[in-house]
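First up is the structure itself, then whatever we jot down about it.
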Amino acid sequence: MNIRLYTREELAKAWHCSIGSIQDLHDSGILKGRYIGRGWGYSEDDIKRFFDTTRGEDVRNYTKMMILKKKSTPPSRFKNN
């Protein structure tokens, strides 16, 4: 089985954005990946899931990413006291 993993640098170059933007997407939880070897890698499934999740959404900055994450996170079963 061959699974191609893309680095943050490769995604930034392909998407014409900074590595910091890719880092923000990852830190916000919108772009999921896996840590293998010396860094984070993102499979084509991870990238497709990101595009499916963000379709029609504005994720140009970290604040907007966190708003999207809050909207897409199901409510907790437990209430904070």
Which of (i) 7.3; (ii) 5.5; (iii) 4.7 is the computed mean projected area of the Cα convex hull in nm²? It is (i)
Please report, as a whole percent, how much of the solvent-accessible surface of the chain comes from carbon and sulfur atoms (probe radius 1.4 Å).
-> 53 percent
Pull out the extension gain between residue 13 and residue 67, defined as 0.36 nm times the separation in residues minus the alpha carbon to alpha carbon distance; nm, one decimal.
-> 16.9 nm
In what order, largest first, do 4, 38 sit by accessible area if the probe radius is 1.4 Å?
-> 38, 4
Going by alpha carbons, how many degrees (0 to 90, nearest 10) lie between the helix axis of 62-72 and the longest principal axis of the chain?
-> 60 degrees
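The values are calculated or read from the model by the stated rules, or taken from the named source; none is laboratory data. Because the structure is a prediction, the values reported are computed rather than measured. Heads up: the accessible areas ignore ligands, DNA and RNA and are worked out on the full protein's heavy atoms, side chains in. Shrake-Rupley method; radii C 1.70, N 1.55, O 1.52, S 1.80 Å.
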